[in-house]
1. Going by the structure shown, is A130 open to solvent by less than 60 Å² (accessible area, probe 1.4 Å), among the small types (G, A, S), near the ligand (Cβ under 10 Å from one of its atoms) and part of a helix (DSSP H, G or I)?
2. All but one of (1) over 15 Å from the mean Cα position of the chain (by Cα); (2) within 24 Å of A27 (Cβ to Cβ); (3) aliphatic (A, V, I, L, M) hold for A86; state the number of the condition that does not hold.
3. Only one of these conditions is not met by A199: (1) touching a residue at least 24 places away in the same chain (Cβ under 8 Å); (2) over 26 Å from G129 (Cα atoms); (3) buried (at least 18 other Cβ atoms within 10 Å of the Cβ). Which number is it?
4. Inspect all residues belonging to segment 71-83 and state whether any of them is in contact with a Ser or Thr (Cβ under 9 Å, 6 or more places away or on another chain), among the small types (G, A, S) and open to solvent by less than 90 Å² (accessible area, probe 1.4 Å).
5. For segment 97-126, name all the residues that are within 16 Å of the ligand (Cβ to nearest atom), part of a loop (DSSP other than H, G, I, E, B) and open to solvent by less than 40 Å² (accessible area, probe 1.4 Å).
6. Of all the residues that make up segment 165-196, how many are under 16 Å from S46 (Cα atoms), open to solvent by 60 Å² or more (accessible area, probe 1.4 Å) and either within 8 Å of the ligand (Cβ to nearest atom) or hydroxyl-bearing (S, T, Y) (or both)?
7. Could you please let me know if Q81 is in contact (Cβ under 8 Å) with a residue 24 or more places away in the chain, polar (S, T, N, Q) and not in a loop (DSSP other than H, G, I, E, B)?
8. If you check S87, S78, S136, which single one turns out to be more than 9 Å from the ligand (Cβ to nearest atom), in contact with a Pro (Cβ under 7 Å, 6 or more places away or on another chain) and not β-branched (V, I, T)?
Amino acid sequence: MKKALILGLVACSLMAAPVQAAEDAEAPKSVDWSFDGIFGHYDRASLQRGMQVYKEVCAACHGMRLLAYRNLMDLGYSEAQVKAFASQYEVQNEDPNDEGEMFNRPALPSDRFVSPFPNEQAARASNGGALPPDLSLIVKARAGGADYIYSVLSGYAEAPKDLKKPDTLHYNPYFPGQLIAMPPPLTEGAVEYADGTKATVDQLSYDVTNFLTWASSPKLEAQKSTGFKVVLFLLVFTGLLIAVKKKVWSAVH
Ligand code: HEC
């Protein structure tokens, strides 16, 4: 009886092993980001363009439920612009009306981003069984961070001839396993930028990755400037200590 149980468990664990060993993904492309380095800062124009890409392309499948519309003021939008932006979406009011029925109202700046699907099952059903992850923290959640996200978005390629691949999956050498359920989301001219920037796949990927990085680390600029001040303080303080030490010991021969 016990033996049968153990055999059963072993069989189960063997079946759970991946059918095809995941091929190693290619190392992400190395991008020169404005937010890298100790003086790193966000490129506001790129963040605004990236927000547009998210809104017009990615938001059809991916939510960003940790962002509130008012957070967009950080990107340089005015309160009125954020209000107008939020009001394009509908949310359920917190309280019922006088008849006790729940009702929808236009979103307010204090509301969180509306997700495209009501639940995980609905999201999977619309995406051939795959789940488009929430993008609020995706840059932090993936090894390789912004470079990786940029590489996946801009790195779709023709599948090698000898690769057997189901029609529902797409070849992307940067994605672990190299087969991804997300169809190539970006094509040249997918959005029309108001500032006249040419919307190539690389540019679209760059801008939306900037936006997703800001969403993952909105306080990055403040943290870098505090870090810089701390280092500066420590340098000055060390100098002072050396001067004091020299002075105190100068009388001792
Ligand atoms: C048609 C629906 C659809 C659209 C539009 C779409 N995605 Fe996806 N995305 C998916 C699905 C489905 C997955 C899950 C893929 C998988 O697990 O194989 C995914 C996965 C991802 C991942 C995770 C990759 C990983 O490492 O797990 C990122 C990042 C991503 N999408 C970003 C974007 C961005 C940015 C856009 C807009 C430019 C976008 N997606 C547009 C459906 C979509």
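The values are calculated or read from the model by the stated rules, or taken from the named source; none is laboratory data. Note that the coordinates shown come from a computational prediction; the quantities given were computed from them, not determined experimentally. Quick reminder, even Gly has a Cβ in these numbers, built from the backbone with ideal geometry, and neighbours come from all protein chains shown. These accessible areas exclude ligands, DNA and RNA; they are computed on the full protein's heavy atoms, side chains included. Shrake-Rupley method; radii C 1.70, N 1.55, O 1.52, S 1.80 Å.
1. Values: open to solvent by less than 60 Å² (accessible area, probe 1.4 Å): yes; among the small types (G, A, S): yes; near the ligand (Cβ under 10 Å from one of its atoms): yes; part of a helix (DSSP H, G or I): no.
Against the criterion (open to solvent by less than 60 Å² (accessible area, probe 1.4 Å), among the small types (G, A, S), near the ligand (Cβ under 10 Å from one of its atoms) and part of a helix (DSSP H, G or I)), A130 does not qualify.
2. The number of the failed condition is (2).
3. Condition not satisfied by A199: (1).
4. From segment 71-83, those in contact with a Ser or Thr (Cβ under 9 Å, 6 or more places away or on another chain) are none; that's our starting set.
Within segment 71-83 (the criterion being in contact with a Ser or Thr (Cβ under 9 Å, 6 or more places away or on another chain), among the small types (G, A, S) and open to solvent by less than 90 Å² (accessible area, probe 1.4 Å)), the answer is no, since none of the residues qualifies.
5. F113
6. Total meeting the criteria: 0.
7. Values: in contact (Cβ under 8 Å) with a residue 24 or more places away in the chain: no; polar (S, T, N, Q): yes; not in a loop (DSSP other than H, G, I, E, B): yes.
So Q81 does not fit the description; no.
8. Numbers: S78 fails: in contact with a Pro (Cβ under 7 Å, 6 or more places away or on another chain); S136 fails: in contact with a Pro (Cβ under 7 Å, 6 or more places away or on another chain).
So the residue among S87, S78, S136 that is more than 9 Å from the ligand (Cβ to nearest atom), in contact with a Pro (Cβ under 7 Å, 6 or more places away or on another chain) and not β-branched (V, I, T) is S87.
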